[in-house]
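Single-structure report; data block below.
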Amino acid sequence: MLGRFKSALMNAVGASELGLQYPNDSDNESITDLINSNLPIAVETKPYSRPSFLGLTNEETQVSADHRVRPIIVPRDLSRLPWCAGYAECINAGKSTWNEDQATAMRGDLKLLDSSTSIPYIMFSMFDGHAGYQVALTARLHLHRIILERLMAIPGDILLAEDNEAAAIKGRELIIGAIELAYRQMDQMVEQQAQKGGGGCTALTVLFLNGRLYAAGAGDSRTILVLGESERALTRDHTPDSESNRVRALGFLKSTELLKGHFTSLEFKKRPLQRDLGQMVLYREPYMTGWAYKVLAYPDLRLALISGQGKRSRVMGTIGVTRGFGDHGLKAANTGVSIKPFLSSQPEVQCLDLEEYNLTERDCIIMATDGLWDVVSDKVAANLLRKTLAPENPSLEYRLTMGAQELVQAARGRLVGRVWRLKSEMQENGDDEILSMASVDDISVMVVPLYPYLCEHRQWVKTQQQERRHSINSLQSSSNDAT
């Protein structure tokens, strides 16, 4: 596949897949009104497509959807992603007709409403669709634009004055708020697709702005930071198990309205059975960390609001993620109870000041859907990436893509008979023993280097300082001439 690559230049993809144009000053008022109205924007259903930076033809898109071969797809032209970031994907093993993962990247200048200054930004996003591709595709096409509109509404003096410790509010707090509001607006936008089912998707966004990295996540896709010999998650998986307290507390407070007499928000140590009626059983209410006894009554035999554990946990026995976009029409099986009230579009956002880290060109973030994380741990993924990036050759731009390929390959494994299997450590030594099943889900991986952005940001700061000095000197010169 590497033979497809053209010479990679350190330029980036354009403003967006939609051909986004920055509005002129006369449009600013209407944009502000649109943001303040918080109304969803009507979108039309788009035909299926893969991320534009892959550069796939229609025929290649069809080939990429071969569930038997599951080819690993990488961009034809590495320079279409900022800093030649690495990307690779492969389709599922028959779970759905199309690869329901989507990804996008955007580079541009954020024009502030009350300032002549524009701040360079770079955004990456990844979406894992379920019950159809449409919500993930819509998010790919629109989320970045919505985030930009929210960012443009932030007062420029606050956004630029991060060093002012006495300020009542920090620019980074407003940026986090803009991302959170944009996610909610995105969820409102896809609600119209729920009329015919619509499905849903998880979401990851990484924003580089004003020297900081913002990592947002809603769902069980994940972003991790690989820094030197350490690694850590920048987003948290949102599953019924990890968000049990939030989901069960909502059911507890509004049981009549939301549970409709079909489910219970109580958690029992053992699944209560009819033969246990009248006996003392261990249970707990939402937010309890300990346990208590109660006499089992007939209402306690209702279905559990949260069932299962870990990746097997489900809300109302139906869905395994608790945050993301869509799922507005989702109903619990055999009950008709709506599940959407228990699902949230709000992302959790982390902010990193990149100047606080001694970055090198091998420090990266890994963004990936759960097709990777279900079978590859954070530590194993980080070690695989370090191993791929360690050599001096080929150039780093190719090694980033090779790193993404290696991660997809590790999760996909190999086809043994009719089953995709992971390779064990023993197999690398020539043993053919097979250990566990590989991922049969769609797998998408993005490897984004951090050091190039820090270099760009430092150069931008230097240019801004030079322009300010030149402006001051010009004013002083004009003043002296006048006297």
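Each value in this text was obtained by applying a stated rule to the coordinates, not by laboratory testing. Just so it is clear, the structure is predicted and the values come from calculations on it, not from any experiment. Ideal geometry is used to build each Cβ from the backbone, glycine not excepted, and the neighbour counts take in all protein chains shown.
Listed by chain and number, the lysines whose alpha-carbon sits under 28 Å from that of LYS387, ignoring those within fewer than 8 places in the same chain, are LYS6, LYS379, LYS423. All Cα-Cα distances of the chain, cut into 10 Å bins from zero to the largest, leave 4, 18, 27, 24, 16, 7, 3, 1, 0, 0 percent in each bin in turn. Angle check, please: helix 396-412 long axis (alpha carbons) against the longest principal axis of the chain (alpha carbons), in degrees 0 to 90, nearest 10. Compared with the principal axis, the helix lies near 10 degrees.
The spacing between region 338-352 and region 130-177, judged by their C-alpha centroids, is 16 Å. Secondary-structure-derived ellipticity at 222 nm for the chain, considering helices only, amounts to -9000 deg cm²/dmol, per-run term -39500 (n - 2.57) for DSSP H runs with n ≥ 4. So what's the angle, to the nearest 10 degrees on a 0 to 90 scale, between helix 28-37 and the longest Cα principal axis of the chain? Helix 28-37 and the main axis of the chain meet at about 20 degrees.
Modelled spin labels at ARG386 and TYR287, positioned 7 Å past Cα toward Cβ, are 4.2 nm from each other. Size estimate for region 243-320 follows the Kirkwood approach: the inverse of mean 1/r over distinct Cα pairs works out to 12.8 Å.
Site pair THR117 and ASP353 shows an inter-label distance of 1.6 nm when each label is modelled 7 Å from Cα along Cα→Cβ. Within the straight-line cut-off of under 27 Å between alpha carbons, the lysines reachable from LYS46 are LYS95, LYS196, LYS331, LYS340, sequence neighbours fewer than 8 places apart in one chain being disregarded. Note down the relative contact order for the chain as a percent, whole number, built from C-alpha pairs under 8 angstrom at least six residues apart. Dividing the mean separation by the residue count of the chain yields 17 percent. Among the GluC sites (Glu not before Pro) found in region 324-386, those both in a DSSP coil and sparsely packed, with 16 or fewer other Cβ atoms within 10 Å of their Cβ, are GLU361. Within region 294-316, name every residue whose backbone N is under 12 Å away from a label modeled 7 Å from Cα of GLN279 along the Cβ vector. Within reach of a label on GLN279: 296. Please give the helix 171-190 orientation as an angle from the longest Cα principal axis of the chain, in degrees from 0 to 90, rounded to the nearest 10. So the inclination is approximately 50 degrees.
A straight Cα-to-Cα reach below 18 Å connects LYS294 with the lysines LYS269, LYS270, residues fewer than 8 places away in its own chain not being considered.
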